[in-house]
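The values are calculated or read from the model by the stated rules, or taken from the named source; none is laboratory data. Just so it is clear, the structure is predicted and the values come from calculations on it, not from any experiment. Note that each Cβ is placed from the backbone with ideal geometry, even for glycine, and that neighbours are counted across all protein chains shown. We work out accessible area using only protein heavy atoms, side chains counted, and drop any ligands, DNA or RNA first. Shrake-Rupley method; radii C 1.70, N 1.55, O 1.52, S 1.80 Å.
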Amino acid sequence: DLLDGDARAAYKTTDFDLLQFQKLKMYVHAENSDPDEIINDGDLTVFIRLGADFTENYYEYEVPLTFTQWGTNIADQIWPEENNFEITLDDLVAVKSQRNSAIVNNNDPTVAYTYPYISYDGNNKITVLGTPSLSDVSAIMIGVRNPKKVSYTDNDDGLPKCAEIWINELRLTDFDESSGWAATGRLSTSLADMGNIVLSGTITTPGFGSIEKKINERSRETSTMFDIATNLELGKFFPKSFGIRVPMHFDYSETRSTPQYNPLDPDVLYSDVLDDLDKDGKDSLKANTQTYIKRKNINFVNVRKERTGTGSKPYPWDISNFNFTYAYQEIYQRDIDVEYDLQKKYNGGMGYNFTMNPKNISPFSKIGFLSKAKALQLIRDFNFYLMPKVFSFRTDMNRMYNERKLRNKARGEVIIDPTYTKSWDWSRIYDLKYDLTRS
């Protein structure tokens with residue numbers, strides 16, 4: 001007694017990623033509950049829903065049923081081929097893409113995300129509602145429907161139906177075994193005694209993975225990275241007699257990750273979306289969906305002038321007692337969730353170190369009678385220093401600036417303000433080593 005236009009179904013909550021499969025299959029058998037009642041082929045249908053839920057975001061594939069007559073013992077008639085579910089998953093995505101294009105281009109004002117969009121695969125009906133994704137199927141529903149009579153001219157009698165339906169072997173088939181590749185390169189060169197330069201780069205494409213990985217664990221993005229790093233001694237530009245040391249380190253790198261599937265519609269190929277856009281649209285989509293990281297570093301550590309004269313006496317005001325450090329780091333990144341994240345770090349420091357070799361004074365060591373009396377050894381060994389051995393001082397300033405803004409992924413206009421993090425630290429260290437006596 002399934003009423004005209006009504007349906008009954010069984011459902012299951014799941015957590016499936018179907019992107020690595022090409023087809024979904026199932027066998028269906030239908031027969032009259034009452035052999036005296038006539039039910040025509042197509043009077044009932046079986047449907048399956050895949051999506052995030054059962055009512056607002058799903059794909060539905062519906063097959064009109066061919067009924068098996070009572071007393072039949074032929075396998076092909078008990079499980080007729082016309083009833084078989086053989087869903088090419090790409091066809092579901094193609095219907096959704098067709099609907100999305102109609103919405104974007106305003107080809108049909110009646111098409112919307114909130115209304116079922118219907119297309120046909122031969123006699124079978126494909127329905128898309130909302131924004132389902134085969135990459136994250138959270139719910140599966142299988143049901144029987146008595147199609148509603150919509151006009152006086154169609155063949156539907158509009159009556160309730162009573163039948164027995166069997167479904168069997170719901171399964172995924174045909175792995176997507178598309179292969180990927182990866183490469184890495186590195187070039188290192190030495191600039192005599194001045195320093196070295198190192199260039200490196202890597203690339204990985206979708207489908208690449210190590211032998212032990214399963215198909216759904218392989219890479220689903222194209223990742224590229226290049227890096228340049230150099231260590232130079234800029235003091236070589238000065239005469240050796242100056243004793244100037246300016247060690248410099250600089251590195252720059254970019255990492256870019258392009259997804260295989262559109263993150264805004266996770267079961268639609270990224271390349272298919274780009275093909276439907278003009279140049280400005282492509283640039284906008286890439287800026288919104290690619291993961292991009294840029295790093296820059298430059299630092300001068302322990303810049304100093306070394307003492308060059310072998311017999312020169314050190315003085316507290318000598319420039320060789322000083323050293324200087326400066327470092328700058330910048331990291332910029334963006335991805336599907338973050339519009340931009342900019343971090344800058346500054347570090348500057350100065351050090352001072354003065355080492356002396358003060359003379360030890362032993363005022364009683366040369367008095368004759370003290371050297372003979374053992375009881376007076378404490379007086380004889382009395383000594384002291386007038387000056388400290390080491391005095392050093394270091395001061396560092398560290399400044400950090402971070403600006404971060406989350407991306408608006410809603411269809412409406414949502415105002416999102418960036419967040420800021422700032423800090424400035426100043427540290428000072430004093431060190432004095434003063435031996436009062438030899439002991």
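For the chain, the longest principal axis of the Cα atoms and the long axis of helix 279-289 meet at an angle of about 70 degrees. Less than 5 angstrom separates the built amide H of residue 340 from those of 405, all sequence-distant by 5 or more or on a different chain. Calculate the FRET efficiency for residue 413 and residue 159 from the Cβ-Cβ distance with a Förster distance of 35 Å, rounded to the nearest 0.05. Once rounded, the FRET efficiency stands at 0.10. Couplings 3J(HN,Hα) for the stretch 158-174, derived from phi with the Karplus relation 6.51 cos²θ - 1.76 cosθ + 1.60 (θ = phi - 60°), are x, 9, x, 10, 10, 8, 10, 10, 10, 10, 8, 6, 5, 8, 9, 9, 6 Hz, where x marks Gly and Pro. Projecting label points 7 angstrom from Cα along Cα→Cβ for residue 241 and residue 10 puts them 9.7 nm apart. Across the stretch 14-31, rounded Karplus estimates of 3J(HN,Hα) from the backbone phi angles (6.51 cos²θ - 1.76 cosθ + 1.60, θ = phi - 60°) give 9, 8, 10, 10, 9, 5, 8, 10, 9, 9, 10, 10, 6, 9, 9, 10, 9, 8 Hz, Gly and Pro being marked x. For residue 148, nonlocal amide neighbours, meaning residues 5 or more places apart or on other chains whose placed amide H falls under 5 Å from its own, are 5. Taking all C-alpha pairs of the stretch 224-284, those more than 15 Å from each other amount to 70 percent.
Seen against the Cα atoms of the chain and their longest principal axis, helix 89-105 is set at about 80 degrees.
Surface composition of the stretch 215-283: carbon and sulfur atoms hold 57% of the protein heavy-atom accessible area at a 1.4 Å probe.
Report summary: the helix-based calculation at 222 nm, which adds -39500 (n - 2.57) for every DSSP H run with n ≥ 4 and divides by the residues of the chain, gives -3000 deg cm²/dmol. Near residue 23, the amide H atoms lying under 5 Å from its own belong to 89, 173; only residues 5 or more places off or on other chains count, and H is placed 1.01 Å from N.
Loop-located trypsin sites (Lys or Arg not before Pro) in the stretch 242-313 (DSSP state other than H, G, I, E, B) with a sparse environment of at most 13 neighbouring Cβ atoms within 10 Å: 307. The distance from the alpha carbon centre of the stretch 273-351 to that of the stretch 1-49 is 62 Å, rounded to a whole number. Per residue, the convex hull spanned by the alpha carbons of the stretch 36-101 comes to 116 Å³. Viscosity 1.002 mPa s, temperature 20 °C: Stokes-Einstein D of the stretch 164-281 from its Kirkwood Cα radius, in µm² per second? For the chosen part, D equals 112 µm²/s. Compared with the alpha-carbon gap, the fully stretched path from residue 324 to residue 252 is longer by 23.6 nm at 0.36 nm per residue.
Go ahead and run the numbers for FRET between residue 231 and residue 308, Cβ-Cβ distance against an R0 of 30 Å, rounding to 0.05. Approximately 0.80, to the nearest 0.05.
When 1/r is averaged over all different Cα pairs and the result inverted, which Kirkwood radius in Å belongs to the chain?
Computed over the chain, the radius equals 30.0 Å.
Length gained on full extension, residue 1 to residue 392: 131.2 nm, using 0.36 nm per residue less the C-alpha separation.
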